[in-house]
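The values are calculated or read from the model by the stated rules, or taken from the named source; none is laboratory data. Computed from a predicted model, the values in this text were never measured in an experiment. Please note: Cβ atoms are built from the backbone with ideal geometry, for glycine as well, and neighbour counts cover all protein chains shown.
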Amino acid sequence: MRGLELPGPIGRTPRPRRAALVRRTSDLIKTGKEILHRPLDFVLAVTVSFILLPVLVLRAGIAILQTGRIFDRQVLLGRFRVPFERLQFAGSFPGRWFAVLANITRGDLSWAGPRPLNLIEADNVPTEAWARFRIRPGLVSTHRLRARVGLAHEAESITDCDYFYSQTLGESLGVLARALPSAMLGGTASSGSVSILRFLGVDIVNTTMDEAVGWIVRRAKDGTDSQLCFVNPDCLNIAYGDTRYRRVLERADRVLPDGVGIHLACRISGTSLVANVNGTDLFPRICEMAAIENLSLFLLGAASGRAEESARNMQLRFGDLKIVGTHSGYFEASEESALIEEINYSRADILLVGFGAPRQDIWIADNFRRLSPPVKIGVGGLFDFYSDKIPRAPQWMREIGLEWLWRLIREPRRMWRRYVVGNPLFLIRVWRESRFGHVQQP
Ligand code: UDP
C-alpha cells in the first residue's frame, strides 16, 4: 500500500519520499514516548514504594491480622484486554489502595490512563472507542478527575479515546498532578443524591447535563413558557441581599448549579452535586440538540458583534443549527420594545440572554409575557468565550476547580470582590445554614 502523500506547496507536485520520512519520524517519536512511559512508571512506583515501605509493611500486617491474607484481588482488563489481578490490601482499615503500587511496578497499570474495566464494562465499550485498549489503563483517569468536580459531561469512552489520541508524557504527568487537588475537592454523586439543593433560600435542581438539555428541548418543542437561571456563589450572595432577584429565582421554572463553589457548598452541607451544569458547558450541547430537533435560537447579550460571532462559530460546528437572530446586550431603554419585537419576529424557540447575573434574569422575568420564545435562559458572559474574544480557563484548571482563579487573574479589578470576598462569604453562610438551620435574609 502506498503511504500518505502530504500536499506540496501550491504549483508543486507532492514529494512522497519526504512525506514518508515525516511519517516515519513521527511514528518513531510516538514509539519513543511509549517506550519512555513504562520505565518512568516503574521508577516512580518503586520510589514511592520505597518511601512508603514501613507503611506498606504495617498495612500488610494489619491485613493478615484482620483477614488472614494480604491482598484482595479483582480481575480487570489491562492493555490489549489482557486480564490482570488488581490488588488491594485486605481488611477494612484505610490504605487499601496502596497495594496498587505492585500493579504499577509489574506493568499491569500505569499511573495515568483510562480506568481499568471489568469484563462486562469492556463488552459495553463501543467499537469506535476500542483505541482505549491500546494503552495501559491507569490509576488516575481524566474521566474520573472530571467526575470529581462534576464536569464529566462526555461519555467515559469518548474521554478515554481523546486521551489515547492526545497522550503525551506531559499530559500523563498533568493528569497525575491534578489527582491530588481533585481528590481534595471530593467526589460528586452519579445517583442517590437529593434532587433539589437548597442554599441561602434558593432551590437548585441537582441533575445531569443530559437531563438539563433534554428538559430545555422538551419545553421548547412543547412551547411551554419557561425561565431557566444558573447560579454560582456570587449569584446566591446577591440573592441573599436582593429580594427582587431572590423572587426571580424562586419563580424561575428551573435554577441550575454553576461552578465549583456549589460543589463545595454540597460538601459542607453533607450532600453531593450530581454535575456542574453551567451555562458555558451547556451552550454547545443546546446547539447540538437544537440542530437535531430543528429548534431555533436567538442570542442576545455581550458587546457588539460577540453574539453574532458566537452564532457563526456554532453554525460552523453544527451545520444544521438555526440561529435566527443576534443582538448586543447594550441598548437604551427606548430601544427595548423594538428589540423585543425583533426577537418575537424571529420566531426563535430558545432565547439566550447574556447580560450577566442578576440583570439578565431580572430582565427575562420583567419581560416574560412579552417575549415569545418559549424557553428563556440567562447565560452570563458566554458570548465572550464563544466569540473567541476572551479565552476560557484551560481544561486542566477547570478540572481542579480553579476556573474562578483564571477569571480573577484576567480581570482582578472586576472579579476580586466576587471571588476573594464572595466565595468565602458564601461558604461561611452555607456552613451557618447547615449548622443552625435556615439563614434569615435581610
Ligand atoms: N453585559 C451586557 N449588557 C450589560 C452588561 C453586561 O450584555 O448591560 C454582558 C457583558 O458584556 C458580558 C456579560 O454581560 O458579556 C457579563 O459577563 P460576566 O462575566 O459578568 O457574567 P457571568 O458569566 O460571570 O455571569
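Details
Here's the yes/no breakdown for (1) near the ligand (Cβ under 8 Å from one of its atoms); (2) surrounded by fewer than 17 Cβ atoms within 10 Å (Cβ to Cβ); (3) more than 30 Å from Ala220 (Cα to Cα); (4) at pLDDT below 95:
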site	(1), (2), (3), (4)
Ile364	no, no, no, no
Lys376	no, no, no, no
Phe383	yes, no, no, no
Tyr386	no, no, no, no
Ile400	no, no, yes, yes
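- The residues on offer are Ala90, Ala112, and the sole one that is crowded, with 16+ Cβ neighbours inside 10 Å and in contact (Cβ under 8 Å) with a residue 40 or more places away in the chain is Ala112.
- Residues being more than 28 Å from the chain's Cα centre (by Cα), free of Cβ contacts under 8 Å to residues at least 40 places away in the same chain and within 11 Å of Leu297 (Cβ to Cβ) - total across region 320-377: 2
- For region 314-329, residues that are within 11 Å of the ligand (Cβ to nearest atom) and touching a Ser or Thr at 6+ places or on another chain (Cβ under 7 Å) total 1.
- Inclusion of Asp281 among residues that are more than 16 Å from the ligand (Cβ to nearest atom), more than 25 Å from Arg435 (Cβ to Cβ) and not aliphatic (A, V, I, L, M) is not warranted.
- Single condition Leu139 does not satisfy, out of (1) buried (at least 21 other Cβ atoms within 10 Å of the Cβ); (2) under 30 Å from Glu211 (Cβ atoms): (2)
A quick yes/no check of all residues on (1) among the polar types (S, T, N, Q); (2) assigned by TED's automatic domain parsing to the domain that holds Pro257; (3) part of a helix (DSSP H, G or I); (4) within 16 Å of the ligand (Cβ to nearest atom):
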residue	(1), (2), (3), (4)
Glu154	no, no, no, no
Gly214	no, yes, yes, no
Arg219	no, yes, yes, no
Leu236	no, yes, yes, yes
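- Test: residue in region 408-428 that is touching a residue at least 60 places away in the same chain (Cβ under 8 Å), out of contact with any Pro (no Cβ under 7 Å at 6 or more places or on another chain) and more than 16 Å from the ligand (Cβ to nearest atom): yes
- In region 327-424, counting only helices (runs of 4 or more DSSP H) that sit wholly within it, the ones holding 1 or more residues that are assigned by TED's automatic domain parsing to the domain that holds Glu250 and more than 27 Å from Asn237 (Cβ to Cβ) span 336-346, 395-399.
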